[in-house]
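Structure first, commentary second.
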Amino acid sequence: MIAKRIHFIRHAQSEHNARAAEVRDEDVLRRDPALRDARLTELGQSQAKALASEISRLHDIKLVVVSPLSRAIQTAIAAFEGHPAPRLIQPLHREMQESYCDIGQSPVHLAKAFPTFAFDHLDDPWWHNDIDDGSPYPRETLDAFERRVTVFKDWLIGRPEDCIAVVGHGTFLKRLTGTVFDNAQRVEIVL
């Protein structure tokens, strides 16, 4: 097996991240349906654009794998502007669904919002949709989440590209890599 270099990138600041910094009880935010599929803030847009100069020097990236949550897509659009690597939406590395902000949008809605990406390969819904714990929104179990992390890692290893960028989410990336990511942070790891 050939070693792969993976550039893991956490999305830039989202509306949920900004509001979480201002409240004591993040659980209140978790239950806020107005934050569904939270998008980037103005600061987040600036953070993502700032990544572009760093990313532009990474000529060996052969594929950019992006979570279908809007904040990851927006980060990828700004950070990889002008980069020649193809983009692929992959729902396996969406965030652990613990909040409304982690619930996605339909592929049709995403295609209208982000016309430069293909979404026709996604299920509808592509996010966790089982309500089984009495919560007002579907929450993913830790077991299901950990299985998904393992499946995604195997998927990455099985890809033919030797250098891949992954634009995703803090909890998912921490579980996959053991690293705590700040917004708009890139960490290179060899798998």
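The values are calculated or read from the model by the stated rules, or taken from the named source; none is laboratory data. None of the values given here were measured: they were computed from a predicted structure. Positions of Cβ are backbone-derived with ideal geometry, glycine not excepted, and every protein chain shown enters the neighbour counts. We work out accessible area using only protein heavy atoms, side chains counted, and drop any ligands, DNA or RNA first. Shrake-Rupley method; radii C 1.70, N 1.55, O 1.52, S 1.80 Å.
From the residues in region 33-44 that are outside any helix (DSSP H, G or I) and of a type in the set (D, E, K, R), which one is farthest from ALA165 (Cα to Cα)?
From region 33-44, those outside any helix (DSSP H, G or I) are 36-41; that's our starting set.
Now restrict to residues that are of a type in the set (D, E, K, R): 36-37, 39.
Working: ARG36: 25, ASP37: 22, ARG39: 20 Å.
The qualifying residue farthest from ALA165 (Cα to Cα) is ARG36.
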Q) If you go through region 141-158 one residue at a time, do you hit one that is under 26 Å from ALA18 (Cα atoms), modelled with pLDDT under 95 and either among the acidic types (Asp, Glu) or within 16 Å of the chain's Cα centre (by Cα) (or both)? A) no
Q: Name every residue in region 154-164 that is in contact (Cβ under 8 Å) with a residue 24 or more places away in the chain and open to solvent by 80 Å² or more (accessible area, probe 1.4 Å), in order of residue number.
A: none
Q: Output yes when any residue across region 125-140 is crowded, with 16+ Cβ neighbours inside 10 Å, among the hydroxyl-bearing types (Ser, Thr, Tyr) and in contact (Cβ under 8 Å) with a residue 24 or more places away in the chain, and no when none is.
A: yes
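Would you mention how many residues in region 45-96 are in a loop (DSSP other than H, G, I, E, B), in contact (Cβ under 8 Å) with a residue 60 or more places away in the chain and not acidic (Asp, Glu)?
In the first step, residues of region 45-96 are kept if they are in a loop (DSSP other than H, G, I, E, B); the result is 57-62, 67-69, 80-86, 90, 94-96.
Still in the running and in contact (Cβ under 8 Å) with a residue 60 or more places away in the chain: 58, 60-62, 67, 69, 80, 85, 90, 94-96.
Going one step further and asking which of them are not acidic (Asp, Glu), we end up with 58, 61-62, 67, 69, 80, 85, 90, 94, 96.
Qualifying residue count for the region: 10.
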Q) Can you name the number of the only condition in (1) surrounded by 20 or more Cβ atoms within 10 Å (Cβ to Cβ); (2) part of a helix (DSSP H, G or I) that ARG175 fails? A) (1)
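Among the listed residues ASP32, ASP60, identify the single one that is open to solvent by less than 60 Å² (accessible area, probe 1.4 Å), over 18 Å from the mean Cα position of the chain (by Cα), at pLDDT 95 or above and not hydrophobic (A, V, I, L, M, F, W, C).
Numbers: ASP32 fails: at pLDDT 95 or above.
Sole residue among the options that is open to solvent by less than 60 Å² (accessible area, probe 1.4 Å), over 18 Å from the mean Cα position of the chain (by Cα), at pLDDT 95 or above and not hydrophobic (A, V, I, L, M, F, W, C): ASP60.
Given the residues ARG24, ARG19, which is the only one that is of a type in the set (Lys, Arg), at pLDDT below 95 and assigned to a helix (DSSP H, G or I)? Give the derivation first.
Numbers: ARG24 fails: assigned to a helix (DSSP H, G or I).
Just a single option satisfies the conditions, and that option is ARG19.
Given the residues VAL180, VAL167, VAL108, which is the only one that is of a type in the set (A, V, I, L, M, F, W, C), open to solvent by less than 50 Å² (accessible area, probe 1.4 Å) and modelled with pLDDT of 95 or more? Break it down into steps so the answer makes sense when it comes.
Details: VAL180 fails: open to solvent by less than 50 Å² (accessible area, probe 1.4 Å); VAL108 fails: open to solvent by less than 50 Å² (accessible area, probe 1.4 Å).
Going through VAL180, VAL167, VAL108 in turn, the sole match is VAL167.
Among the residues of region 79-99, which ones are open to solvent by less than 10 Å² (accessible area, probe 1.4 Å) and either at pLDDT 95 or above or closer than 21 Å to LYS4 by Cα (or both)?
Residues of region 79-99 that are open to solvent by less than 10 Å² (accessible area, probe 1.4 Å), as a first pass: 79-80, 85, 89, 93, 97, 99.
The answer is ALA79, PHE80, ALA85, ILE89, HIS93.
Do we have ARG39 as under 25 Å from HIS128 (Cβ atoms), open to solvent by less than 60 Å² (accessible area, probe 1.4 Å) and modelled with pLDDT of 95 or more here?
On the way: under 25 Å from HIS128 (Cβ atoms): yes; open to solvent by less than 60 Å² (accessible area, probe 1.4 Å): no; modelled with pLDDT of 95 or more: yes.
No: the conditions fail for ARG39.
Quickly run through region 156-178 and pick out the residues that are among the β-branched types (Val, Ile, Thr) and either closer than 26 Å to CYS101 by Cβ or in contact with a strand residue (DSSP E or B) (Cβ under 8 Å, 6 or more places away or on another chain) (or both).
Here is the first cut: in region 156-178, the residues among the β-branched types (Val, Ile, Thr) are 157, 164, 166-167, 171, 177.
ILE164, VAL166, VAL167, THR171, THR177 - these are the residues of region 156-178 that are among the β-branched types (Val, Ile, Thr) and either closer than 26 Å to CYS101 by Cβ or in contact with a strand residue (DSSP E or B) (Cβ under 8 Å, 6 or more places away or on another chain) (or both).
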